[in-house]
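Peer 1: Here it is, the structure in full.
The values are calculated or read from the model by the stated rules, or taken from the named source; none is laboratory data. In this text, all values refer to a predicted model and were calculated from it rather than measured experimentally. Note that we place each Cβ from the backbone using ideal geometry, even for glycine, and neighbour counts take in every protein chain shown.
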């Protein structure tokens, strides 16, 4: 290990005494000396410095990049690098679990890890990877703005849990990610304790938006004007720059690909929530009224809904029972409750929309790169709320503390248990250490039918008036005798608990008293359907799409949604399962004091956190055994240069035997044990000595290798370059001559061939001529075309062009499309086809004078079907601009001409019939069957002319469908047309 100056003990495993006091004293000594990171083996303990620090720059990144964890002083970079190396080198999914109480620096730690990963990746400078890195970093600004708030413990406290997966490709570069959020503390929208603030977003828009933006949002630059955000009495915070953060958030929205309409909708929703808090109700007779209707108008304008609908949703509730719909008026208290629930739900939906937008921006993009990213790996970063004990603890603190119980259980299983099991697996004798397993507390909360969440859910399902006091009584009946649950009724002598109001849970981190008040309502998370329908009715699609359930009919019976507690429990179970499937790394954050001071180290506060984080237990396990372990092959590869018997390679036996020789030569025999597959080193001093010996020899080895290898490379490169140039020159000339001679042989007699050499297989060209082969083929194709056309009279070339167009669309799909016929086009002008040809030509002259077309491209008698499935004899005429539907006798137009540009496609059947469907954009297609006195097949002619003319007018291709069953639109309704052949009848009939 490289030498460095240290304050206190960098790795707590080296402490002389293993106790809570000794561990905390070492943390205090290092904190006072400016060292905020301490190891317990491979667990990093981070103490919040409450001041700007300078050891996160590029030079520090380079010091920790690619180094082993013990090579440098303790640092969060070492944990990030260890996780990254395990992911990149061994192809393992890893996760970094950051835990600690509010204000201990968890969010900042997660951002430092993200910055480190961004710094060590994309060495090739790929634009897409750089975009992903930038989006991952920028997403923090948005999530903090809408998910963080000032509390009495932390000026930038995360009021939601966040787990982010970062996806990497096979090179170790980030290619995307995914954010999962947990339990947003939405109650903060409507209520804050003294000294706290609501979410940052409300203050950012008031202090950061321009005057014109505020005017558009109907807002004033005064926090005290808005009830929802003035309750804490702390509009401004010295450590928070709301104006600058607003600009940063706006720029982050653009970086992540949010559209201007979406960004505008986000801030309009924020403004609407502020206005919603100012609505006041009064009881006038039997009806609850809104005292300030102007505020309702502002809310309606911001949400793009009707003011009357807003007023109705706030003061009334529509109830459906047994198919009957009735309207119930709210009391003043019910209206206030509904308003607050509405505000919380709007903000929660907004936050979910933002998280979804972030995920769309950072999702892995597979287009064209599926094979490259198919086997990507993942690093997960978990930043979730810490254990909370307030003066008044409610449902939110219950869920948060349950989350910490699950994470502590994971820590026990993946660190403490795995430590012991590895020693047993390697055949190393060791003394078992007893530790508290908090499974019993997790069961108390989550056990089916018996846990607190299950009891609360059961109470929510009961019919009739069920109160929080009745819920507490049900808990007492089912949990009586549980060692970690008590109430005043179960412990009458416990004067600290209030009757029928409070219960206590003995958490692993300490005892917490919870108030039962509000448990049922918060677990139900009730929001009247009227508000959902109101938001769904918004003319802004961004807002409307956030409330899809608002589309349900009021009489529709829906499945009862899962409660907030059950949803949170399920998400925690899934989170723990996800983390358990990855290789974990831990950062345990400590808050040194409650004053946010960089110089105060509160011994009592730190001892409490050390105990509930289980750090001393973890230290005892590491100290009881061995501080470092490594597989024999990796150990020998790293330290083989220290011993003359193992350098440069050991050939005297297995890796274990080579490791044993090296250790014995260095005199460390009494400090190691040999496992089945790994070497175990008891004290880090031995590891330090090995690292120092290696560090002394590495520079000389590197210089020697560089000298020898550079000379060898230069000599080899020069010789190869000279040889390659000569060989390439002669080989290219040879391949070019050979290919030209081969072409001359293959195409010698093509003039006498019937297809002029079309079937002749071109010989494979050499690489040097690959770019020219297409030119050779083009020359041959032009010559072959000229030879074919020379035998065809030029008068038939226009007809031939149309047949080529039709053949491209119909050849191989339709049995007969008239290719062998002579295509005349304007058949109705011929007396052989139409006895009334004179009448037709007269009608054409009138239509030409009126509509201004130049020529008639095609005309024929047809049988047409209408939307009522009735068939009529008609005529159709195609000009250079329009399609006409004519009377079969008088040939007068039966409707306005159809512009060819209105055609969206053509469908024909594959058989002998002459069914043609001309699809139109208006939703009323033209379904016809061509007819003639000679039974000539004219489907190909009509299709080819229509395709050619559409190409001329629109510069694009027209879609052609050939099938036995064809779809069309008649009367704006979709119909299926199926062709059936029958011996009955001599012409096409529709039914």
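Peer 1: Please work out which one of (1) at pLDDT below 90; (2) within 30 Å of residue 151 (Cβ to Cβ); (3) buried (at least 19 other Cβ atoms within 10 Å of the Cβ) is the condition residue 288 fails and give its number.
Peer 2: (2)
Peer 1: I'd like to check something: does the stretch 592-607 contain any residue that is within 23 Å of residue 70 (Cα to Cα) and buried (at least 17 other Cβ atoms within 10 Å of the Cβ)?
Peer 2: Checked the stretch 592-607: no residue is within 23 Å of residue 70 (Cα to Cα) and buried (at least 17 other Cβ atoms within 10 Å of the Cβ).
Peer 1: Taking into account only those residues within the stretch 942-969 that are more than 40 Å from the chain's Cα centre (by Cα) and surrounded by fewer than 19 Cβ atoms within 10 Å (Cβ to Cβ), which is modelled with the lowest pLDDT?
Peer 2: If we take residues in the stretch 942-969 being more than 40 Å from the chain's Cα centre (by Cα) and surrounded by fewer than 19 Cβ atoms within 10 Å (Cβ to Cβ), then 964 is modelled with the lowest pLDDT.
Peer 1: Sort through 845, 820, 814 and tell me the only one that's at pLDDT 90 or above and either out of contact with any helix residue (DSSP H, G or I) (no Cβ under 7 Å at 6 or more places or on another chain) or at negative phi (or both).
Peer 2: The unique qualifying residue is 845.
Peer 1: Please pick out the residue among 314, 274 that is touching a helix residue (DSSP H, G or I) at 6+ places or on another chain (Cβ under 7 Å), part of a helix (DSSP H, G or I) and either free of Cβ contacts under 8 Å to residues at least 60 places away in the same chain or surrounded by fewer than 23 Cβ atoms within 10 Å (Cβ to Cβ) (or both).
Peer 2: It is 314.
Peer 1: Could you say which residue among 966, 942, 930 is part of a helix (DSSP H, G or I), within 19 Å of residue 813 (Cα to Cα) and touching a strand residue (DSSP E or B) at 6+ places or on another chain (Cβ under 8 Å)?
Peer 2: 942
Peer 1: Here's something else I'd like to know. Right, residue 146: buried (at least 22 other Cβ atoms within 10 Å of the Cβ) and either within 20 Å of residue 572 (Cα to Cα) or modelled with pLDDT under 90 (or both) or not?
Peer 2: Answer is no for this residue.
Peer 1: Being under 30 Å from residue 791 (Cα atoms) and either in contact with a strand residue (DSSP E or B) (Cβ under 7 Å, 6 or more places away or on another chain) or surrounded by 11 or more Cβ atoms within 10 Å (Cβ to Cβ) (or both) is the requirement here; does residue 768 meet it?
Peer 2: no
Peer 1: Given the options 343, 300, name the one that is touching a residue at least 60 places away in the same chain (Cβ under 8 Å), part of a helix (DSSP H, G or I) and touching a helix residue (DSSP H, G or I) at 6+ places or on another chain (Cβ under 6 Å).
Peer 2: 343
Peer 1: If you take the residues in the stretch 919-929 that are in contact with a helix residue (DSSP H, G or I) (Cβ under 8 Å, 6 or more places away or on another chain) and modelled with pLDDT under 90, which one is surrounded by the fewest Cβ atoms within 10 Å (Cβ to Cβ)? Walk me through how you get there before you give the answer.
Peer 2: The first filter runs over the stretch 919-929 and keeps only residues in contact with a helix residue (DSSP H, G or I) (Cβ under 8 Å, 6 or more places away or on another chain), leaving 920-922.
Within this subset, residues satisfying the condition of being modelled with pLDDT under 90 are 921-922.
Details: 921: 14, 922: 10.
Selected residue: 922.
Peer 1: How many residues, within the stretch 18-33, are over 43 Å from the mean Cα position of the chain (by Cα) and not in a helix (DSSP H, G or I)?
Peer 2: 2
Peer 1: While we're here: Tell me which helices (runs of 4 or more DSSP H) are completely within the stretch 65-157 and hold 2 or more residues being more than 26 Å from residue 229 (Cα to Cα) and more than 19 Å from the chain's Cα centre (by Cα), or say none if there are none.
Peer 2: Helices (runs of 4 or more DSSP H) meeting the threshold: 76-90, 106-120.
Peer 1: Also, I was wondering about something else. Just to be sure before I move on: is residue 406 modelled with pLDDT of 85 or more and either surrounded by fewer than 20 Cβ atoms within 10 Å (Cβ to Cβ) or closer than 30 Å to residue 631 by Cβ (or both) in the structure I sent? Let's see the steps before the verdict.
Peer 2: Numbers: modelled with pLDDT of 85 or more: yes; either surrounded by fewer than 20 Cβ atoms within 10 Å (Cβ to Cβ) or closer than 30 Å to residue 631 by Cβ (or both): no.
No.
Peer 1: Within the stretch 9-49, how many residues are crowded, with 18+ Cβ neighbours inside 10 Å and at positive phi?
Peer 2: 1
Peer 1: I would also like to ask the following. Among the candidates 867, 885, which residue alone is closer than 24 Å to residue 959 by Cα, surrounded by fewer than 21 Cβ atoms within 10 Å (Cβ to Cβ) and at pLDDT below 90?
Peer 2: 867
Table: residues versus (1) within 36 Å of the chain's Cα centre (by Cα); (2) modelled with pLDDT of 85 or more.
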{"position": "309", "(1), (2)": "yes, yes"}
{"position": "319", "(1), (2)": "no, no"}
{"position": "322", "(1), (2)": "no, no"}
{"position": "328", "(1), (2)": "no, no"}
{"position": "354", "(1), (2)": "yes, yes"}
{"position": "369", "(1), (2)": "yes, no"}
{"position": "399", "(1), (2)": "yes, yes"}
{"position": "410", "(1), (2)": "yes, no"}
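Peer 1: Criterion first (part of a helix (DSSP H, G or I) and modelled with pLDDT under 90) does residue 696 satisfy it?
Peer 2: yes
Peer 1: For the stretch 447-466, name all the residues that are modelled with pLDDT of 85 or more, assigned to a loop (DSSP other than H, G, I, E, B) and over 20 Å from residue 396 (Cβ atoms).
Peer 2: 447, 448, 449, 450
Peer 1: Enumerate the helices (runs of 4 or more DSSP H) found wholly within the stretch 169-255, keeping only those where 3 or more residues are without any contact (Cβ under 8 Å) to a residue 12 or more places away in the chain.
Peer 2: 211-216
Peer 1: If only one of 715, 638 is surrounded by 13 or more Cβ atoms within 10 Å (Cβ to Cβ) and assigned to a helix (DSSP H, G or I), which one is it?
Peer 2: None of the other options fit; the residue is 638.
Condition check ((1) closer than 19 Å to residue 969 by Cβ; (2) assigned to a helix (DSSP H, G or I); (3) without any contact (Cβ under 8 Å) to a residue 40 or more places away in the chain) across all residues:
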| residue | (1), (2), (3) |
| --- | --- |
| 845 | no, yes, yes |
| 857 | no, no, no |
| 864 | yes, no, no |
| 872 | yes, no, yes |
| 877 | no, no, no |
| 884 | no, no, yes |
| 895 | yes, no, yes |
| 911 | no, no, no |
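Peer 1: Considering every residue within the stretch 828-844, establish whether at least one is within 20 Å of residue 919 (Cβ to Cβ) and surrounded by fewer than 12 Cβ atoms within 10 Å (Cβ to Cβ).
Peer 2: Scanning the stretch 828-844 turns up no residue that is within 20 Å of residue 919 (Cβ to Cβ) and surrounded by fewer than 12 Cβ atoms within 10 Å (Cβ to Cβ).
Peer 1: Would you please list the contacts, defined by Cβ atoms under 9 Å and residues six or more apart or on different chains, that run from a residue in the stretch 70-97 that is at positive phi to a residue that is surrounded by fewer than 23 Cβ atoms within 10 Å (Cβ to Cβ) and in a strand (DSSP E or B)?
Peer 2: Here the result reads 91/377, each pair linking the stretch 70-97 to a residue that is surrounded by fewer than 23 Cβ atoms within 10 Å (Cβ to Cβ) and in a strand (DSSP E or B).
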